[in-house]
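To start, the structure under review is shown below, and the notes come after it.
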């Protein structure tokens, strides 16, 4: 009984940790993309792309 309870607690902890790490990864990728676009725009490199200009 105690072993199955311990395994269940570990499973729940791992699931919640992986969910929070996944959302942090998505947030970090979004911020990095936004910063990259801002840098490209400030240097005028985005205006050389035919689809945007």
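The values are calculated or read from the model by the stated rules, or taken from the named source; none is laboratory data. Model, not experiment: these values are computed from the prediction. When we count neighbours, we look across all protein chains shown, and the Cβ atoms used for this are built from the backbone with ideal geometry, even at glycine.
Return yes or no: is residue 42 surrounded by fewer than 10 Cβ atoms within 10 Å (Cβ to Cβ) and at pLDDT 85 or above?
In short, yes.
Look at region 29-44: where a residue is free of Cβ contacts under 8 Å to residues at least 60 places away in the same chain and a partner is surrounded by 10 or more Cβ atoms within 10 Å (Cβ to Cβ) and part of a helix (DSSP H, G or I), sitting 6+ places away or on another chain with Cβ atoms under 9 Å, you get 37/46; 40/46; 41/47. Screening residue 7 with (1) surrounded by 10 or more Cβ atoms within 10 Å (Cβ to Cβ); (2) under 26 Å from the mean Cα position of the chain (by Cα) gives one miss only, at (2).
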